[in-house]
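One structure is given below, encoded as structure tokens.
The values are calculated or read from the model by the stated rules, or taken from the named source; none is laboratory data. Predicted, not measured: the structure shown is a model, and the values here were computed from it. Neighbour counts run over all protein chains shown; Cβ positions are idealised from the backbone, glycine included.
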Amino acid sequence: MKRVMILLVMLSLYVLESSAQTVTDIDGNVYTVLTIGSQEWLKENLKVTHYRNGDAIPNVTDNTVWPLLSTGAYCNYGNNPGNALTYGKLYNWFAVNDSRGLAPAGWHVATDAEWSALADLLGSDSVAGGKLKEEGTAHWVNPNVGATNEVGFTALPGGLIESYGVFWSIGFTGCWWCSTESSPTEAWFRGIFSDAKHIDRGNYFNKKIGGSVRCVKDAVTGFNDQTFRGDIQIYPNPVIDKLNIRGSDGKEIKVEIYTMSGLLLKSETLKPGFSSIDVRDLPNGLFLIKICSDNYTIQQKFIKK
């Protein structure tokens, strides 16, 4: 009887594993889909070496060249491909932001707002890091404080490559890019550490840094940050009073702000170059800004605080 029960348990685990939904990127890497609340995340860090359209992402192994980059690139921690098998690749923000798409089709690099929603679901930034970390010390150094992997996220300490080309902190730190820009030279990120249970939310990561990437499934509305163009800057994000828009094609732009359900709240035509739109009358929350000119239409999520 005991043997039968064991076999039944093993069979049920096999069925659950076999029925798990997966996503395959353009290189053939397979990722497990993880549902957390209303979000769907990829369970593993991104490993892709090509953009969604098939163009290769440069693998920059010369650490003296890395600080000079202003276009998308990736590397493996320590320039060791074996590290990428476990921890995924390290990408600069230019690759995250590239219009050719870093994430698999139907997915996008997680935004600052989506990371915040995940942390809120787990009880706040002060405890979310522990609840996202893989348990034990197989990959995290001891002590792995507060690690419970409560929702199966299995966050790993893949380290990073600094903007000046030095690899740092594998085993101690996991750093993930957000697709949300905070200034012309910096973007939002999330950090999780071996000796703490909190998750660090910051907006000061230099875009030249190489960090890990997690992806979220596109919403039904199709609103995501992957249509954002590198020559159009929208900041600060989150915003309190005025959302700044800097463009480079010398044309007027039409700016529209929507709720995430698609309700139009504002519509203005702004002068070319540098402009701003007042959002003080908006309630706190997540919104979509849509920018149209003769040459392009882009959209990006932003948080009003």
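With respect to the stated conditions, G174 fails to be assigned by TED's automatic domain parsing to the domain that holds D112, assigned to a loop (DSSP other than H, G, I, E, B) and modelled with pLDDT of 95 or more.
Applying a threshold of 7 Å to beta carbon distances and a minimum spacing of six or more residues, or different chains, the list of pairs starting in region 66-94 at a residue that is assigned by TED's automatic domain parsing to the domain that holds R52 and ending at one that is of a type in the set (D, E) and modelled with pLDDT under 95 reads G72/D98. The single condition among (1) touching a Phe, Trp or Tyr at 6+ places or on another chain (Cβ under 9 Å); (2) without any contact (Cβ under 8 Å) to a residue 40 or more places away in the chain that S99 does not meet is (2).
Search region 177-202 for residues being among the small types (G, A, S) and either in the same structural domain as R246 (by TED's automatic domain parsing) or part of a strand (DSSP E or B) (or both), and hand back the single one that is surrounded by the fewest Cβ atoms within 10 Å (Cβ to Cβ). This residue is G202. Reported count of residues in region 99-115, each being buried (at least 22 other Cβ atoms within 10 Å of the Cβ) and either in contact with a Gly (Cβ under 6 Å, 6 or more places away or on another chain) or of a type in the set (S, T, N, Q) (or both), is 1. Looking across region 266-284, the residues that are under 17 Å from N237 (Cβ atoms) and without any contact (Cβ under 8 Å) to a residue 24 or more places away in the chain come down to K266, P283, N284. Number of residues in region 124-141 that are assigned to a loop (DSSP other than H, G, I, E, B) and in contact (Cβ under 8 Å) with a residue 40 or more places away in the chain equals 3. Candidates are the residues of region 86-123 that are in a helix (DSSP H, G or I) and β-branched (V, I, T); the one that is farthest from the chain's Cα centre (by Cα) is T86.
Taking the criterion of being hydroxyl-bearing (S, T, Y) and either at pLDDT 80 or above or at positive phi (or both), the residues of region 194-245 that qualify are S194, Y204, S212, Y235. Being modelled with pLDDT under 85 and more than 19 Å from the chain's Cα centre (by Cα) is true of I253. Residues considered: N144, N149. Of these, the only one that is farther than 15 Å from T86 by Cα, in contact with an Asp or Glu (Cβ under 6 Å, 6 or more places away or on another chain) and of a type in the set (S, T, N, Q) is N149.
For region 275-305, filtered to residues that are in a strand (DSSP E or B) and polar (S, T, N, Q), the residue that is surrounded by the fewest Cβ atoms within 10 Å (Cβ to Cβ) is T297.
Say whether the condition of being among the charged types (D, E, K, R), out of contact with any Gly (no Cβ under 9 Å at 6 or more places or on another chain) and in contact (Cβ under 8 Å) with a residue 24 or more places away in the chain is met by at least one residue in region 26-36. For region 26-36, residues among the charged types (D, E, K, R), out of contact with any Gly (no Cβ under 9 Å at 6 or more places or on another chain) and in contact (Cβ under 8 Å) with a residue 24 or more places away in the chain: absent.
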